[in-house]
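Written out below as structure tokens is the structure these notes cover.
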Amino acid sequence: MNHIRFRDVEVFLPMPVFPIIEDVGWWQGEDGSAMQQPYRNAFSRRHCLADYQALARFADSLGVRIGLGMVLCEWDRKKVLRDIPGATWLGREWNNHINQGPWLDETAEYLQDKRDLLELGLHGLCHEFWYEGGMERSEFHDRNGVMRSPQVIQDHLDAFGRILEHNGFSEFPRLFFPPALNHSFGNGPQSIQAILHNKGIRHVITRFAKAKRFASPRHEKISWECGVGLLERGQAPVPWNVPASLPSWDFSGPILPLHWGNLLHPDPEHNNDIIDGWTAMLLARTVGPELILAENFDACWRQAAVFYFGQLFIEGQSIVVDLRARPVSMPYYSGPFYLKIRAAQHGPLDIEGAQIISDHLDGARIRTVQLLPKEGVERVRLLLPWERNRENGVEYQR
Ligand SMILES: [Zn+2]
């Protein structure tokens, strides 16, 4: 249970909300799928620096380091992809000169500068896979979730890393968003997760129902294997090829999956109009006690673990957050998580088993408390002294 009432106090384990933006990185806007080229964003113009500035504005206004699913073939400066089997429709004839210009340096520098707002994740090189000139969906798995050979995957990951390096980025991504949601999991050392982990990927965000599953996930929304956490991505609220979209989402899970074009305007000068609509909607909807914006993916993962596995119950004069159902084999769960408390009156909190990292009360009397469980503690206890005082006829004075 993620919500409990104790007299006039309600405690919530809020669901995290974390936006991810896929298909970032194209320079060309054209959807090439009818010509055996990639599905790009079906956008009416070339992309430009303003399209990245819009993403940074989005992240900054939300207070979240958002995740970007990058496609990097059009950032290739050194014909790296000529030697990568299946990476492009042109094979050995691959040439990216049309996308080489001052915008590469300018944008790379901008992304370095905004690294605290925008986390570059892996989506793919060209998103799809080419066999004898024909395009197949998608790069790392086919439509049936059959994984491409480990060597092909390794070659594609290495090429992604080299293109990043050639553009001045030294770190390989930690986040992977499988292109076209074709993926597989549950086969342990034979899984793509094993290969991804070797390369530095720590989290995969995808739709479990679309993936080929060799074994059931640990939980229907969250799983892990070979040191890689998998989190349910959910369905995109807007089709990938709809530009300048109006904000709308059912908050059905922790991940808000959007595509770059959804957030951009055909006139880049109006990008902020689109972005600001989404920001306003997300800020308004996460004020309540049931939801919380996660400040980065790590916080999202930890909060999702608590949201899916945590239990709240009353014991004596206290509320217990019981985390014992969270399996010890789960990676990356240690660290702080959030509670929200709704009450007509708030007083000092007395917590056993955890350190209070932050404690913030908003105008709607909803209190957001960030707790760091002490080493080895799986039951955190909240004593509500102001409730006890009231019982004894002493109203707590703020
Ligand atoms: Zn995509």
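Quick rundown of the values:
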read-out	value
Qualifying residue in region 305-314 (condition: of a type in the set (A, V, I, L, M), at pLDDT 95 or above and farther than 14 Å from residue 6 by Cα)	yes
Residues of region 255-274 satisfying the condition of being more than 18 Å from residue 295 (Cα to Cα) and either touching a residue at least 60 places away in the same chain (Cβ under 8 Å) or within 16 Å of the ligand (Cβ to nearest atom) (or both)	259, 260, 261, 262, 263, 264, 266, 268, 269, 271, 272, 274
Where a residue in region 68-92 is within 30 Å of residue 256 (Cβ to Cβ) and its partner, wherever it lies, is charged (D, E, K, R) and within 16 Å of the ligand (Cβ to nearest atom), with Cβ under 6 Å and at least six apart	69/22
Residue among 115, 162, 148, 174 that is surrounded by fewer than 23 Cβ atoms within 10 Å (Cβ to Cβ) and closer than 20 Å to residue 233 by Cβ	174
Boolean, residue 76 is within 14 Å of the ligand (Cβ to nearest atom), acidic (Asp, Glu) and touching a helix residue (DSSP H, G or I) at 6+ places or on another chain (Cβ under 7 Å)	no
Residue list for region 142-170, restricted to those being touching a Leu at 6+ places or on another chain (Cβ under 9 Å) and under 24 Å from residue 211 (Cα atoms)	153, 156, 157, 160
Region 26-69, residues that are of a type in the set (Phe, Trp, Tyr) and not in a loop (DSSP other than H, G, I, E, B)	52, 58
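The values are calculated or read from the model by the stated rules, or taken from the named source; none is laboratory data. Given the structure is predicted, the values throughout are model-derived calculations rather than measurements. Cβ sites come from the backbone with ideal geometry, for glycine too, and all protein chains shown count toward neighbours.
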